[in-house]
Each structure stands twice: as C-alpha cells, then as structure tokens.
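Values quoted throughout were computed directly from the atomic coordinates according to the rules given, and no laboratory measurement underlies them. Predicted model, so just to flag it, every value in this text is computed and none were measured. Cβ placement follows ideal geometry from the backbone for every residue including glycine, while neighbour counts extend to all protein chains displayed.
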Amino acid sequence: MSTLQISLAIIGVVLLTLIVAYNAWTARRNAPKKARPAQAPRDSEQALRHEPAFDGAGHPSVAPPPDSIHSMFDVEPELGYGAQAQDQRKGADSHDSHDSHHLSVPAHLPERRSGLDPLIDAIAPLQADQPVSGEAALAAMPPTRRVGSKPFGIEGFNETSQLWERPLGGQRYRLFQAGVQLANRTGALNEIEYSEFVIKVQAFADAINAAPDFPDMLHEVARARELDLFASEHDAQLAFVLRARRAAWSPGYLQQNATRMGFVAGVLPGRMVLPASAPGVPPLLNLMFDAQAAATDDMDQSAIRDLLISLDVAQVHRSEKPFARLREIAVVLCTHMDGVLCDQHGTPLPAMAMEPIASDLELLYDKLDSRDLAAGSPLARRLFS
C-alpha cells in the first residue's frame, strides 16, 4: 500500500470520527434537559437581587402557545361559603413542604362576611309564620344553587349566634334571606334570570310558609349592569410565556425547577400552582405546560419548549405582592432553565416593560378598594369568577 493510500485512509478515519462526535454532541445539546438528582440547593440570592434582562437578544421569537388563558379561571367559588378549586386546596395544604426558594410575604387574615352581600347580590328577605327547623329548610331548598349562570343561595338567621348562615340541621329559623349574584365573568343578571330567581324563592317560601319580599326587578337589573360594567373595566388576568432559548425541557426538569420556587402539582396534568400564605384561598400564581407531555410515563423523554405563568389579579390579595413574586420567579426560572420571558404573542419582554404593568396594578388595586371589592376578598373572588 502506497504512502498516499495510507494517508487517505487515516484522513478518512479522522473525518468519520469527527462526524460521529459532532452528531453525538448535537444530539446531546438538543435533547430535552432532564431533572437532576437531589443535591444541595445552589445560591439563588444573587439572581433574585440582580434582575437580568428578559429579552432574548439574538434569539428569534417563536409562535405563541396554543392554550388559552381563559380556561384556567373557569372554576367559580360557591356562593359565600369559601369553596375553592380542588387543586387550590391541595396547593395550600402543601405550602409548607416547598419553601426552598419561597419569597417571604406578609400574612393577612381573610375577610369573614356573610355569604350574601347587598353589594353584589339581589336579596329577598323572608319571614316564616313560625320557627322552621333546619331540616325542613334544607328539604325545601331548590335542587340547584344557580340561577342561569349566577350563584344563588338561601340563608337563615341564627338567633343564638346572631349571624346569617346556610340552614343547619338541629337549628330553628324564623328569618331567611335568598339572594342571587348580580354579576360575574359571564355578564350581568338579566330579566330572565331574575324571574327564575323569583320562581325558586317563591317555591321555597311556600314550602316553609314564609312571605318573601322581592326587590324591584328593574332596579336590580340596572344595578347588575352597573356592577358588570365596573367589573369588566377592572378585570385583569396576566399571562407570560417562558420559552426555552436552545435545548427543550423535559417535564421532570420543568417540575423540578418549579418546585424549587414553591409550586406544587395541581389536579390536572400540566398544571402547577403557587399556594397563598393563607389556607383555603386561590393560589398566587398558576403555571401551565403541555398536559400530554406531563401525562407521559417517561418524564425525561418528552420535550417542552414553553410554559405559561399567569396571575388572576382580583383573586389574590395585594398584600401577597403577587406580581412582584411573578417577576422574581420569572428571573430565577429564566436563569436556571436558560429561558426567555415573552408575552402571549411570543415577543421577548425586556425587564423595563414590567414597570408600567406594576404601576397600573397599583391603580387597579386602589380602585377595587374604593368599591369595597379589594382583590382577594370573598366578594371580589365571587364577582371575578
């Protein structure tokens, strides 16, 4: 074999080795990032103190995610008794077990108010001819607790506690009040819904031998429209997309990083929530990603390129500083996961773009407070649901 042939063979072997190595390196770089074994937490304080730019300079923007933000807020609390979505209860119960990167927030006590409130309800008082047992009142209740698309409820006045309450067995009541919510995110109470309310209340009154006193329909419908107008002008649901710059993320890797920031798994696949500081209230933030990828058997093989972080402003008390926490969490996740923060259209956001949003939110909080509908209060959670 000549020297030329030997040289060509060596060159061929070297080129083949380089091609194989390059292909292996490319496959490794483009593979979804996997969750790492548990280790001592890295110091993230510097990332929290120094806010890097959110915009991905030199990185092209990509299409917005297919999911709609509105689907995350379709769980409506029951009228006046603090029922929350199941994943919110689960998140609140698990709050203390996920605090490695939690940001401290001031605790607050939730308001305790009657389920029915004239501020957002049309209320009809009823007086029975004689005391009615709680069992009889419950038996006479309408089968559904809705009038059209609005929550509906009946309360009895407990003369011992001097409080309005949902009728309870073993108690006796002479005074009742029935109410229907004037507005929610489906719109204002209309004449048809009010008529249905009257029919249901009258049937209840007949069953317990009580006399109802209905407010004027036109007046209540006008109140409903005014309240709905105010609510529509002061409703804010913020959503931001965190997108991978280069390598995609596996579901396990994404969940591992979110858990370090205090998020816990929701009931639905692909959903995580950041619990509030108080139990029994909606979460501060919601995090959503591809549900199909989240439900896979191998959490390290599916590839996720973006996630959605959202805040339902009216559902969270301002003392929790939810938007500030969203910004700080976004900084840490962008840093640790090599991501870029975008709007819902996929446009990268610079850090300075968040300041006007924060200022607008403070004005919104003040306007809600001025109407006795403070963000995170029971009334606000009902109205903006």
(request) From the P(r) of segment 274-342, can you give the percent of Cα pairs sitting at distances over 14 Å? (result) 65 percent
(message) Taking 45 Å as R0, compute the FRET efficiency from the Cβ-Cβ separation of T3 and M352 and round it to 0.05.
(response) 0.10
(request) Please compute P(r) over all alpha-carbon pairs of segment 121-231, binned at 5 Å starting from zero, and give each bin as a whole-number percent. (result) 2, 13, 24, 22, 17, 12, 8, 3, 0
(message) Please compute the length gained on full extension between T296 and D338, using 0.36 nm multiplied by the number of residues separating them and subtracting their Cα-Cα distance.
(response) 12.8 nm
(request) Report, in whole Å, the centroid distance computed from the Cα atoms of segment 248-283 and segment 297-364. (result) 13 Å
(message) Which three extents, in angstrom, do the Cα atoms of segment 260-385 have along their principal axes, listed largest first?
(response) 51, 34, 24
(request) Using label points projected 7 Å from each Cα along Cα→Cβ, tell me how many nm separate S133 and S232, to one decimal. (result) 4.8 nm
